[in-house]
Amino acid sequence: MKELTFTLVTDGSSDVVLLPMLTWLLRVNGVTMALQPVWADTRQAHLPHPTTLTDRLRVALDLYPCDLLFVHRDAEREPRSHRVAEIQRALELLPAATPPPQAVCVVPVRMQEAWLLFDEMAIKYAAGNGAFRDSLDLPPLKELESLSDPKTTLHNSLRRASNLRGRRLRTFPVGQRARRVAELIEDFSPLRALSAFSALERDVQDVVVKARWTA
């Protein structure tokens, strides 16, 4: 195998920000081959509403076949173990014609935005204002998993760092800039202090060893 293709299935389109950190996790855990990350945009399949996670996984694998499947669900108010069991059950219900590849559950305690709130300089540069000198007063790392609304915290930090006012602030593309934060972070190792990220890395380590992707 000269390259490793991995597909990310998420709760929503904003969760595409997970791709850079998943790429980082594979790299620091020994994968040296070329990586081809893909976010599974299942919207084009026009699935009926409501739809099941199994349905979305089936469509994702049909549209974006891969060697490794990452499945994201925010834990929100549920224990991580419940979300992991939910994902594993959805994988088990896939039709025989769509056997799943190696799979890893991605389950932040609240929302994935919490995993972007540790790098102040990345937020400032993503806001287009790396010279912004004021502190953004980001929450301490140990408190990130207990934030009630990390998405709002991240968006407000980006708006503040932009230093824009009036109409320019109102039209500031905060969602786009939030995705840029993840792209600018070079080292996600501080997140190892968080339980959910540590659990994710252990699962990545296990699948990398099992599939012998470090050779």
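Find which of 88, 209, 16 sits farthest along the positive direction of the dipole of the chain, computed with +1 on the beta-carbon of Lys and Arg, -1 on that of Asp and Glu, about the Cα centre.
16
Identify which of the listed values of semi-axes √(5λ) of the Cα gyration tensor in Å was calculated from the structure shown: (i) 35, 17, 16; (ii) 25, 19, 17; (iii) 30, 20, 17.
The value matching this structure is (iii).
So if a site counts as exposed when it's one of the GluC sites (Glu not before Pro), its DSSP state isn't H, G, I, E or B, and it has at most 16 other Cβ atoms within 10 Å, what's the longest stretch of the chain without one?
77-185
Once the Cα atoms of helix 80-92 and of the chain are each reduced to a long axis, what angle between those two axes, in degrees from 0 to 90 to the nearest 10, is obtained?
So the inclination is approximately 40 degrees.
Less than 27 Å apart at the alpha-carbon level, and either on another chain or at least 8 residues along: which lysines does that give for residue 210?
2
Let me check against my output: what whole-number percent is the relative contact order of the chain, with C-alpha pairs under 8 Å and at least 6 apart?
Relative contact order, the chain: 24 percent.
Can you list which of the trypsin sites (Lys or Arg not before Pro) found in region 157-214 are DSSP loop residues with at most 10 other C-beta atoms within 10 Å? Present the calculation step by step, with values, prior to reporting the outcome.
Values: sites: 159, 160, 165, 167, 168, 170, 177, 179, 180, 192, 202, 210, 212; in loops: 165, 212.
Loop-located and lightly packed - 165, 212.
Please identify every one of the trypsin sites (Lys or Arg not before Pro) in region 92-148 that sits in a loop by DSSP and has no more than 11 other beta carbons within 10 Å of its own beta carbon. Display every interim value, and only then the final one.
Values: sites: 110, 124, 133, 142; in loops: 110, 133.
For trypsin sites (Lys or Arg not before Pro) across region 92-148 that sit outside H, G, I, E and B with at most 11 neighbouring Cβ atoms in 10 Å, the list reads 133.
Which aspartates and glutamates have a Cα lying under 14 Å from the Cα of residue 124, excluding residues fewer than 8 positions away in the same chain?
In chain and number order, the partners are 134, 137, 183.
No value in this document is a laboratory result; all are computed from the given coordinates. All figures in this text were calculated on a predicted structure; none of them were measured in a lab. Ideal geometry is used to build each Cβ from the backbone, glycine not excepted, and the neighbour counts take in all protein chains shown.
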